[in-house]
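The values are calculated or read from the model by the stated rules, or taken from the named source; none is laboratory data. Note that the coordinates shown come from a computational prediction; the quantities given were computed from them, not determined experimentally. Heads up, the Cβs are rebuilt from the backbone with ideal geometry, glycines too, and the neighbour counts pull from every protein chain shown.
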Amino acid sequence: MEAVGQTDIKTMGVIDKTNFIWPVNRQQSLELLAYFTAECLPLFGSFQDAMVPGEWSLYHSRLSFSLNTKMLSPAEVIQTAIAAWRAAA
């Protein structure tokens with residue numbers, strides 16, 4: 001958070017450093033991927049674009065930051081999703 005604050009980068013909104021929800025390392029990215037595949041993926045196709053007052057992410061994967069910063073690769077996200085689908089079948 002301090003590094004981001006020192007860059008003088010213009011952003012939209014405010015970052016809450018006591019409740020920072022985005023992964024900042026590979027381990028956190030893998031944990032988020034595991035959460036997505038276990039909790040969100042089963043209903044993702046039906047509800048990925050759902051919006052409800054008071055809920056900001058619902059079934060979205062929230063993996064884009066991890067993918068964009070190369071903490072996760074697209075191939076491993078796909079492989080993890082396929083493995084979860086096969087395990088549920």
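A few remarks follow.
- Consider the stretch 45-71 and keep the residues that are surrounded by fewer than 11 Cβ atoms within 10 Å (Cβ to Cβ) and in a helix (DSSP H, G or I). The one that is modelled with the highest pLDDT is ASN68.
- Going through (1) in a loop (DSSP other than H, G, I, E, B); (2) at pLDDT 85 or above; (3) of a type in the set (Phe, Trp, Tyr) one by one, PHE36 falls short only on (1).
- Filter result for THR11 (at pLDDT below 75 and not in a helix (DSSP H, G or I)): yes
- Out of PRO42, PRO74, one residue alone is of a type outside the set (Gly, Ala, Ser), modelled with pLDDT of 90 or more and either surrounded by 15 or more Cβ atoms within 10 Å (Cβ to Cβ) or farther than 12 Å from PRO23 by Cα (or both). It is PRO74.
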